[in-house]
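Written below as structure tokens is the structure these notes are about.
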Amino acid sequence: MAIIKKRVIFIIPEEMLLEPILYTISQRYDLKTSVYNSDLIGGEGVMKLELEGEENRIEEGLVWAMERGIRIEPAA
């Protein structure tokens, strides 16, 4: 399967801010992650990032993140 890049925004609940989200998603789903911007807004973490890997693995990683309460929005 082809390697693609996908930019997304993770909105991370306050209770998850200290969890190793990027490490886990990169190791578990064999993805490269690049953070373009991050900030704390109203107690939530907002992270704009790019995921690189096989399309199905990216989708699996995004499902994993959403199941943990991370909201995901598309990024330009």
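Screening E67, E59, E14, E73 for residues that are at pLDDT 95 or above and in contact with a strand residue (DSSP E or B) (Cβ under 7 Å, 6 or more places away or on another chain) leaves exactly one candidate, E73. Only a single item in (1) out of contact with any helix residue (DSSP H, G or I) (no Cβ under 8 Å at 6 or more places or on another chain); (2) touching a residue at least 60 places away in the same chain (Cβ under 8 Å); (3) not acidic (D, E) is not met by V63, and it is number (2). Of the residues making up the range 25-54, those that are more than 12 Å from K6 (Cβ to Cβ) and polar (S, T, N, Q) are S26, Q27, N37, S38. Considering only residues that are farther than 16 Å from Q27 by Cβ and either surrounded by 12 or more Cβ atoms within 10 Å (Cβ to Cβ) or of a type in the set (G, A, S) (or both), which ones fall in the range 64-76? Hits for the range 64-76 are M66, G69, I70, R71, I72, A75, A76.
Sub-9 Å Cβ pairs linking a first residue in the range 20-45 that is surrounded by 10 or more Cβ atoms within 10 Å (Cβ to Cβ) to a second residue that is basic (K, R) and in a loop (DSSP other than H, G, I, E, B), at least 6 apart or interchain, are I21/R68, ordered by first then second residue.
The values are calculated or read from the model by the stated rules, or taken from the named source; none is laboratory data. Because the structure is predicted, anything quoted here is derived from the model rather than measured. Cβ atoms come from the backbone with ideal geometry, glycine included; neighbour counts cover every protein chain shown.
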